[in-house]
Each structure stands twice: as structure tokens, then as C-alpha cells.
Ligand code: SF4
């Protein structure tokens with residue numbers, strides 16, 4: 001069921017920001033996007049991070065074949081069908097076309113072109129060589145200049161540094177929240193809301209953490225603890241309910257709406273030492289070795305990271321974790337390596353469910369059965 005209250009609150013939030021003279025930049029939600037640059041320039045980043053449904057997917061088939069990933073299909077569907085609760089998408093002033101994956105580029109180009117939203121480009125290197133880092137710096141300079149010419153004012157280094165610190169502090173708070181042992185669906189809702197509203201949500205997040213700490217014994221978990229990796233669970237997606245009804249509790253979200261976002265913190269020492277703040281984004285990209293955008297060695301790094309989480313969790317709680325690898329249908333980045341990923345972890349005794357699906361409601365029963373069977377087995 002759609003969280004209408006969240007969407008309505010977000011709509012009011014954007015309206016207020018527009019009235020303050022801010023401009024809204026939409027983009028498809030993965031990682032490596034320099035939101036701090038938008039913030040420093042007087043823009044509001046709007047992540048497309050909404051789960052889909054049959055109607056949204058079908059509406060995208062006027063533009064792309066059904067073999068496009070279900071998330072990208074649904075993003076296009078949102079602009080094509082314009083559902084009432086997503087009217088706030090009309091506030092978007094610019095759409096960022098970036099290259100996290102092929103579906104991301106195609107969907108972003110289509111949204112910009114066919115729904116008449118002026119386009120900004122930002123291409124992110126795939127490799128981490130000196131040349132690719134130099135290329136990324138040029139892209140950042142270009143994006144900065146474009147933002148400055150839209151607003152008619154320079155983005156000062158000091159303002160950019162302040163934005164970087166603000167986002168850093170926000171991510172640190174999210175990391176603190178992430179460590180709390182709370183029901184997985186509650187945790188997800190709060191992480192999703194935080195990413196949607198950005199650092200404006202920081203004070204609310206502090207209150208939430210305080211409340212959970214005061215009631216730390218309230219959550220009695222009889223479910224099996226799992227890590228969710230692969231594709232994110234986006235806002236209003238029913239999959240989290242199926243996972244919990246099947247008997248699992250997600251303790252760690254190793255996805256774009258999760259650890260891949262809030263682990264991207266730039267160290268204070270580096271911020272102090274660096275003269276050009278744009279270099280901080282290059283540095284952050286270079287250190288982001290677990291993101292699925294990165295080649296080479298992404299998969300090896302990801303497996304090492306999950307093993308590390310598994311052993312740390314076992315040491316801390318005495319419990320074993322299982323892994324659900326969430327694969328949105330036709331997501332090349334995650335699906336192409338799923339067999340290798342599963343085999344490597346299972347060789348180490350960690351059970352893995354490769355859960356591939358689209359947003360179709362008709363698949364719910366089959367998904368439930370697969371989740372239950374997996375949890376039964378472990
Ligand atoms: S293919 Fe995967 S990485 Fe690309 S937009 Fe779809 S879900 Fe995201």
C-alpha cells in the first residue's frame with residue numbers, strides 16, 4: 001500500500017523549498033551523485049526512489065522494451081501516468097542524466113526528452129585509473145559550471161565545504177541509526193524517509209534514535225536475521241512485507257538505499273587538508289569499491305564485505321546471518337553476477353537466496369513461497 005502521508009509530506013516540503021527560490025534536480029537513485037554540489041548551489045536533490053507496480057511498468061513500454069529493468073520502467077511510468085500522489089514530480093526543474101547503468105541512462109534521457117524537463121549531464125567513470133579520476137574531475141567542474149550559470153552565482157568553496165560537512169554529519173547519524181536493533185521494516189521506512197528529505201531530516205532522525213535507545217528492549221525478534229543486498233527496496237514496495245511475513249528480519253541494508261549511501265563519508269582530515277572541494281568527490285568515488293558501478297573487482301570486494309559483515313555479526317550476537325540478494329528483473333548489474341555471488345558465499349557456509357522479481361502483483365504468491373522455502377531451509 002502506498003504511504004500517502006509520506007508522499008504528501010514530501011510534496012509540501014518541496015513546495016516550501018520552491019517558494020524559498022530553490023530549484024529541484026531529479027535523478028535516479030543510485031550512488032556517486034554529488035548532492036552536496038546541488039545543495040551548495042541552491043538546488044534540492046530529488047531521488048527517484050519509488051517502487052513500481054504493473055501500471056507504471058506497462059506505461060513505460062511506449063518508450064522502452066519490457067526487457068528494461070522493472071525499476072527504470074516504473075520511473076518512466078511515474079512521469080507518463082502522473083499518479084495523483086506523485087504530483088510533486090511536476091516541481092522538478094532539471095533532470096540529471098547519469099550513467100550508473102544502461103537502464104539509468106536510457107530512462108533518464110527519456111524522462112528529460114519526452115516529459116520536457118531540461119537536462120543536466122553527469123557521467124561517472126567506471127574504472128579507478130588516473131585517467132578515469134581526471135575525467136571525473138572534469139565532469140564535476142562541468143556540472144558545477146552548469147549549476148552556477150542556472151543560478152547566476154558562483155558556488156563558493158566555503159559553501160561547498162559546508163554542504164559536504166552537513167551531508168557527512170547526516171550520514172554519520174544514519175550509520176548510528178543503522179546499528180540499532182529494530183524491526184527491519186521500521187528501519188527501512190526511516191532510512192527511505194531520510195534519503196528522500198536529506199539533511200533536513202537530521203533533527204527528526206536524532207529524536208528517533210533517542211526514542212529507540214530509550215525503548216531498546218521493545219523489539220523481541222523471533223525471525224531469522226538476514227542481510228539484504230543487491231537492488232534497493234524502494235518506497236512503497238511490498239517485498240519487505242513478504243520477507244517479514246515469511247519469517248525473516250532484515251538487519252542490514254547493503255544497497256543504494258542503505259549502507260552504499262551512508263557509508264560514503266569523507267574523512268574530516270581530508271576535508272581540512274583539501275584545497276579544492278571537488279577533489280573530495282573524486283576521492284570518495286575512488287574509495288567506493290563496493291558499489292556495483294565500479295569495475296574491476298566489484299564482485300570480489302562485495303563478497304569480502306558480506307563475509308566481513310557475517311563474521312562481525314556472528315561474533316557480536318552469536319547468530320548466523322543469511323543473505324537475500326534482491327534482483328529487480330532485468331537489472332544487469334546485479335543479475336549478471338548472481339550465480340557467482342551465491343556460489344562463493346555458499347562455499348563459505350552462508351545461505352543465499354537470489355530473489356529475482358519485477359513489480360507485478362501476480363508474482364506475490366510465488367515470491368512468498370520462495371522466501372518461506374529458503375527460510376525453512378536455513
Ligand atoms: S538496471 Fe539495476 S542498477 Fe540499473 S536502474 Fe535498474 S535497478 Fe538500478
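Where a number appears in this text, it was derived from the coordinates with a stated rule and is not lab data. Nothing here was measured: the structure is a model prediction, and the numbers come from that model. Don't worry about glycine lacking a Cβ; one is built from the backbone with ideal geometry, like all the others, and counts go over all protein chains shown.
Laid out as a table, the results:
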read-out	value
For peptides 278-289, 298-309, sequence by mean Cβ density within 10 Å, most packed first	278-289, 298-309
Shape box of the stretch 4-155 [Cα atoms, principal axes, largest first, Å]	43, 38, 24
For a label point 7 Å along the Cα-to-beta-carbon line of residue 116, residues of the stretch 70-97 with backbone N under 20 Å	76-84, 86-97
Separation between Cα centres of the stretch 330-349 and the stretch 103-156, rounded to whole Å	31 Å
Degrees between helix 338-347 axis and first principal axis of the chain (Cα, 0 to 90, nearest 10)	50 degrees
Anisotropy class of the stretch 113-161 from Cα gyration tensor, a/c 1.5 cut	oblate
Principal axes of the chain: Cα extent on each, largest first, Å	60, 49, 44
Calculated diffusion of the stretch 172-313, Stokes-Einstein form, Kirkwood radius summed over Cα pairs, 37 °C and 0.692 mPa s, µm²/s	197 µm²/s
Cα-derived Rg to Rh of the stretch 311-378, Kirkwood definition	1.02
Separation between Cα centres of the stretch 294-319 and the stretch 235-258, rounded to whole Å	19 Å
By average C-beta atoms within 10 angstrom, highest first, the peptides 221-232, 153-164	221-232, 153-164
Packing-based order for 342-351, 139-148, using average beta carbon neighbours within 10 Å, highest first	139-148, 342-351
Label-point gap, in nm, between residue 142 and residue 308 - each point 7 angstrom along Cα→Cβ	3.3 nm
Nearest-ten-degree value, helix 130-151 long axis tilted from longest Cα axis of the chain	60 degrees
